[in-house]
Amino acid sequence: MAASAEQFRGQARLPRCASPLRYDLRLCPDLAACAFSGSAAVDVAVSAPTRFLVLNAAELADLAPSEVAQFEEDEILVIGFDKDLPIGEGVLKMDFTGTLNDQMRGFYRSKYEYKGESRNMAVTQFEAADARRCFPCWDEPAFKAKFKLTLEVPSDLVALSNMPVIKETVHGPLKTIYYEESPLMSTYLVAIVVGLFDYIEGSTLEGTKVCVYTQVGKSNQGKFALDVAVKSLDLYKDYFATPYPLPKLDMVAIPDFAAGAMENYGLVTYRETALLYDELLSSASNKQQVAITVAHELAHQWFGNLVTMEWWTHLWLNEGFASWVSYLAVEALFPEWNNWTQFLDETTSGLRLDALAESHPIEVEINHASEIDAIFDSISYDKGASVIRMLQSYLGAERFQKALASYIKKYAYSNAKTEDLWAVLEEETGEPVKDLMTTWTKQQGYPVIYAKLDGHDLHLEQTQFLSDGSSGPGLWIVPITSCCGSYDAQKKFLLNSKTDKVHIDFTTSQSAEGDKGQNSWIKLNIDQTGFYRVKYDDELAAGLEKAIKAKKLSLNDKIGIVEDSYSLSVARKQTLTSLLRLLNAYRNESDYTVLSHVTSVCLGIDKISVDATPELCRDIKQLLINLLLSAAKTLGWDPKDGESHLDVMLRSLLLIALVKLGHDETINEGVRRFHIFVKDRKTNLLPPDTRKASYLAVMRTVSTSNRAGYDALLKIYRETAEAQEKSRILGSLSSCPDKDIVLEALNFMLTDEVRNQDAFYILGGIGLEGREVAWAWLKENWDHVLKTWPSSSLISDFVKSTVSRFTTEEKATEVSEFFAGKIKPSFERALKQSLERVRISERWIESIRSEPNLAQTVQELLQHGV
């Protein structure tokens, strides 16, 4: 048997000769012993002669039947029979045991406090390939089956699964709960949660019951998410023209949770920060985060759960769509949040990652289960969502919606590939969707469009944009949009060759005097709906700069211009000098969405200037502070009655940026307010929205000989029960300029006072002063880190946040040498991307040092730019 079972070793996917129709599962978690036992009876359809059943299992023991080969590295189980199985249906029965692990994947345990004592809850997290850690199964999205679950749990606990309970029988300390059978679904969406909870409930217009489960005593913090959930379900039912497919929807806050949330069918799990909102304790950005996360997970109930990707290569169909459509829902629910402009945060992060040579196409080949985790990244989510927005914008909202509804109807309860979606869209609209979109999903990267004006002709040329300044070989079919002097007359066409030219009619933009110079500007990629960058010639760039000062451009276009200029500067396609001049045009800006991009560009310039031009670094800081100061002074530290949600967000954004840029006045005020807050936690001088700025200000002033601020923050951390407050503090501790304090913060992360899921907050807070000590710390603790944070998303954070902050080839070599022989698929891509970022920074620094007019420009802008 063992010899002939060898044929199944090392295969990317399971053989197709047998598939499951229905699982009857019984699970008994033992929360005290951190273990579980279970049994499965699976109805299996054999479609081709075979002597073997091949399915997935990992970290499970006591498996019967007898003739079994387990290939641990492939996580498969091969069951051999004496002769070929008859074609048709049979039942496979198995008993097994497993551990309730502490790694936030499979069937795991999460700690919570109840009446002062620590307890375990049992939770599942199966995406991508971890259902196999709970029960033996065909653990691939295309093997959809029906699931009938039975749980045996302590009588006093709440036990939830995907479907409603049919009946419950109690036997003393234990109860057995029987759940309704599910519709056809993939294994990664099966879910179980067992613990002590309070809940609140609501109902959709169709009468679907929606519940939010929280830790005991926190149910009022679930109200906001419940409201968003009910309204989103109603909205999606209309948008996809298909009712919500299940009888109920539960949403649960889990204290230990690796991702942000998980869309399990009918039982969505969240980390607490992504589901709970408290008027008094949460910030405006927390509120937004909850709304967008809930809308994202509920979009999956259609896009992902009802229609599921055929294989992980098509993950972006799940994630890109859920991200895009969550903005659509939140825009409808909270129009005052200006959500489609905030969507450019997603586009920006997609563009930044995809400008690396070590990026990957949206559709990426997956040859082993160990590779899946690493593609849950900004390409699948943010680039995925952005190319969908580009396509919707090209096809028009109405045609696009109709086609999506047809696609959902056609593939409901089954699986689809990317080309299936293109085929439906093409059929419904008659547009060349497949040819257009294949250039965006099957090749990595995106173009920069060079725009040059020659008389009335605008010459366009596309070339693949890379942050290292080289140009890649890619060619795209690019939906180009343009306008001249006004948004009234817009042109739109497909650029499907390397070069092209457009005739520009200046009459629309001429002033009464017929003067085309003063008033004319040409903007490509209107409102940034396209996933590409634009490099304007000097004349066109000057026109846009004037248009920004004259307030002629939309918010989205102002964002696009500053983001493109920053990236072109990093890639050495324009000077830092010209970028600083452009930024000066934004000095009277007061809109949150625009300033959130301007501040991120300012902080990027500040970081590079420390290494590139130490002698100018103080003046550059002052220049960037001047740019943000007037908006910050207008808002001040204290909230105003009736101010907008976006102004509340802006206050926090600007104060944090000014603290990071070292603005003394802001730092002193932050420290002053902190001291009052420490004495009186209810003071209105430090509401949740300005706390992060204050905590960062305190940490700027802390040192080994003056550590009271650090200790005060730790005390607040230990006393608060709020996950959002804990995350604010963790994100501040490591930002200290004193290396010994940074080391202390990193070691604090290894104690059991910090949940493993929260490590990334401390890692994310490390500043330039802490980079050397953080790298030394990582080398020393690497084996422990790898064991404690095995999943790709968590281990990648350690690599990215320590390596990416360096800017020399010498350091890149040192990092490569350390990791030689230690590389695993879970962080290989993150490491390559981080090393590439180091080398990009080094080249940018060289280029900045050779700019002849930088020092002079900085002085000019300092004197006249106010």
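The values are calculated or read from the model by the stated rules, or taken from the named source; none is laboratory data. Computed from a predicted model, the values in this text were never measured in an experiment. Don't worry about glycine lacking a Cβ; one is built from the backbone with ideal geometry, like all the others, and counts go over all protein chains shown. SASA here: full protein model, heavy atoms, side chains in, ligands and nucleic acids out. Shrake-Rupley method; radii C 1.70, N 1.55, O 1.52, S 1.80 Å.
I'm told Ser801 meets every condition in (1) within 24 Å of the chain's Cα centre (by Cα); (2) surrounded by fewer than 21 Cβ atoms within 10 Å (Cβ to Cβ); (3) part of a helix (DSSP H, G or I) except one. Can you identify the failing condition by its number?
Here Ser801 meets the rest and fails (2).
Hey, Leu395 hits all of (1) of a type in the set (A, V, I, L, M, F, W, C); (2) without any contact (Cβ under 8 Å) to a residue 40 or more places away in the chain; (3) farther than 22 Å from Tyr327 by Cβ; (4) crowded, with 19+ Cβ neighbours inside 10 Å but one; which does it fall short on?
All conditions are met except number (3).
Count, please, the residues in segment 568-603 that happen to be more than 29 Å from Glu336 (Cα to Cα) and open to solvent by 10 Å² or more (accessible area, probe 1.4 Å).
8
Can you tell me how many residues in segment 263-285 are in a strand (DSSP E or B) and either open to solvent by 10 Å² or more (accessible area, probe 1.4 Å) or hydrophobic (A, V, I, L, M, F, W, C) (or both)?
Residues flagged as in a strand (DSSP E or B) and either open to solvent by 10 Å² or more (accessible area, probe 1.4 Å) or hydrophobic (A, V, I, L, M, F, W, C) (or both) within segment 263-285 amount to 3.
Quick one: count up the residues across segment 313-329 that are among the polar types (S, T, N, Q) and touching a helix residue (DSSP H, G or I) at 6+ places or on another chain (Cβ under 6 Å).
2
Any residue at all in segment 622-629 that is of a type outside the set (Asp, Glu), in contact with a strand residue (DSSP E or B) (Cβ under 9 Å, 6 or more places away or on another chain), open to solvent by 30 Å² or more (accessible area, probe 1.4 Å) and within 24 Å of Leu544 (Cα to Cα)?
no
Leu603 - would you say it is outside any loop (DSSP other than H, G, I, E, B) and under 30 Å from Leu356 (Cβ atoms)?
yes
When you scan segment 606-620, how many residues do you find that are part of a helix (DSSP H, G or I) and touching a residue at least 24 places away in the same chain (Cβ under 8 Å)?
Within segment 606-620, residues that are part of a helix (DSSP H, G or I) and touching a residue at least 24 places away in the same chain (Cβ under 8 Å) number 9.
What tally of residues in segment 742-764 results from selecting those that are in contact (Cβ under 8 Å) with a residue 40 or more places away in the chain and open to solvent by less than 20 Å² (accessible area, probe 1.4 Å)?
Selection size over segment 742-764: 1.
Across segment 224-244, what is the total count of residues that are free of Cβ contacts under 8 Å to residues at least 40 places away in the same chain and under 20 Å from Ala274 (Cβ atoms)?
Total satisfying the criteria: 3.
What number goes with the only condition from (1) among the hydrophobic types (A, V, I, L, M, F, W, C); (2) under 16 Å from Thr269 (Cβ atoms); (3) touching a strand residue (DSSP E or B) at 6+ places or on another chain (Cβ under 6 Å) that Val216 does not pass?
(2)
Conditions tested, residue by residue: (1) open to solvent by less than 30 Å² (accessible area, probe 1.4 Å); (2) part of a helix (DSSP H, G or I); (3) of a type in the set (Lys, Arg).
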| site | (1), (2), (3) |
| --- | --- |
| Asp435 | no, yes, no |
| Ala451 | yes, no, no |
| Leu458 | yes, no, no |
| Gln462 | yes, no, no |
| Leu475 | no, no, no |
| Tyr487 | no, no, no |
| Asp500 | no, no, no |
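Restricting to segment 638-669, count the residues that are open to solvent by 20 Å² or more (accessible area, probe 1.4 Å), in contact (Cβ under 8 Å) with a residue 40 or more places away in the chain and in a loop (DSSP other than H, G, I, E, B).
4
Examine segment 410-432 for a residue that is part of a helix (DSSP H, G or I), under 23 Å from the mean Cα position of the chain (by Cα) and among the charged types (D, E, K, R), and state whether such a residue exists.
For segment 410-432, residues part of a helix (DSSP H, G or I), under 23 Å from the mean Cα position of the chain (by Cα) and among the charged types (D, E, K, R): absent.
For Val448, are the conditions met, namely being more than 30 Å from Ala258 (Cα to Cα) and not small (Gly, Ala, Ser)?
yes
So which residues in segment 32-47 are buried (at least 18 other Cβ atoms within 10 Å of the Cβ) and over 25 Å from Val153 (Cα atoms), if there are any at all?
If the condition is that a residue be buried (at least 18 other Cβ atoms within 10 Å of the Cβ) and over 25 Å from Val153 (Cα atoms), then Val44 is the only one that fits.
Would you say Ile87 is closer than 27 Å to Leu786 by Cβ and either surrounded by 15 or more Cβ atoms within 10 Å (Cβ to Cβ) or out of contact with any Cys (no Cβ under 7 Å at 6 or more places or on another chain) (or both)?
no
For segment 769-778, check the following and say yes or no: at least one residue is in a loop (DSSP other than H, G, I, E, B) and surrounded by 19 or more Cβ atoms within 10 Å (Cβ to Cβ).
Within segment 769-778, not a single residue is in a loop (DSSP other than H, G, I, E, B) and surrounded by 19 or more Cβ atoms within 10 Å (Cβ to Cβ).
Out of (1) touching a residue at least 40 places away in the same chain (Cβ under 8 Å); (2) open to solvent by less than 10 Å² (accessible area, probe 1.4 Å), what's the single condition that is false for His368?
(2)
Are there any pairs, at least 6 apart or on different chains, whose C-beta atoms fall under 6 Å, with the first in segment 256-278 and closer than 23 Å to Trp302 by Cβ and the second among the β-branched types (Val, Ile, Thr) and open to solvent by 10 Å² or more (accessible area, probe 1.4 Å), and if so, which?
As it stands, the answer is Gly260/Thr293; Ala261/Thr293; Ala274/Thr293, since those pairs meet every condition given.
Taking the condition of being in a helix (DSSP H, G or I) and more than 24 Å from the chain's Cα centre (by Cα), how many residues in segment 566-600 meet it?
Matching residues across segment 566-600 total 11.
Checking Gly217 against (1) among the small types (Gly, Ala, Ser); (2) open to solvent by 20 Å² or more (accessible area, probe 1.4 Å); (3) touching a helix residue (DSSP H, G or I) at 6+ places or on another chain (Cβ under 9 Å): exactly one of these is not met. Which one?
Every condition holds for Gly217 apart from (3).
Does Gln444 fit the bill of being touching a Pro at 6+ places or on another chain (Cβ under 8 Å) and not in a loop (DSSP other than H, G, I, E, B)?
No; evaluated as a whole, the condition is false for this residue.
Okay, residues lined up against (1) of a type in the set (Ser, Thr, Tyr); (2) open to solvent by 10 Å² or more (accessible area, probe 1.4 Å); (3) part of a loop (DSSP other than H, G, I, E, B); (4) in the same structural domain as Asn415 (by the TED database):
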site	(1), (2), (3), (4)
Met251	no, no, no, no
Ala259	no, yes, yes, no
Lys287	no, yes, no, no
Ala291	no, no, no, no
Asn305	no, no, yes, yes
Trp316	no, no, no, yes
Ala322	no, no, no, yes
Val330	no, no, no, yes
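Conditions (1) closer than 25 Å to Glu744 by Cα; (2) buried (at least 21 other Cβ atoms within 10 Å of the Cβ), marked per residue:
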{"position": "Thr788", "(1), (2)": "yes, no"}
{"position": "Phe806", "(1), (2)": "yes, yes"}
{"position": "Glu814", "(1), (2)": "yes, no"}
{"position": "Phe819", "(1), (2)": "yes, no"}
{"position": "Ser834", "(1), (2)": "yes, yes"}
{"position": "Pro852", "(1), (2)": "no, no"}
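Quick one: is Leu714 in contact with a Lys or Arg (Cβ under 8 Å, 6 or more places away or on another chain) and open to solvent by 10 Å² or more (accessible area, probe 1.4 Å)?
Here the answer is no, as Leu714 does not meet what is asked.
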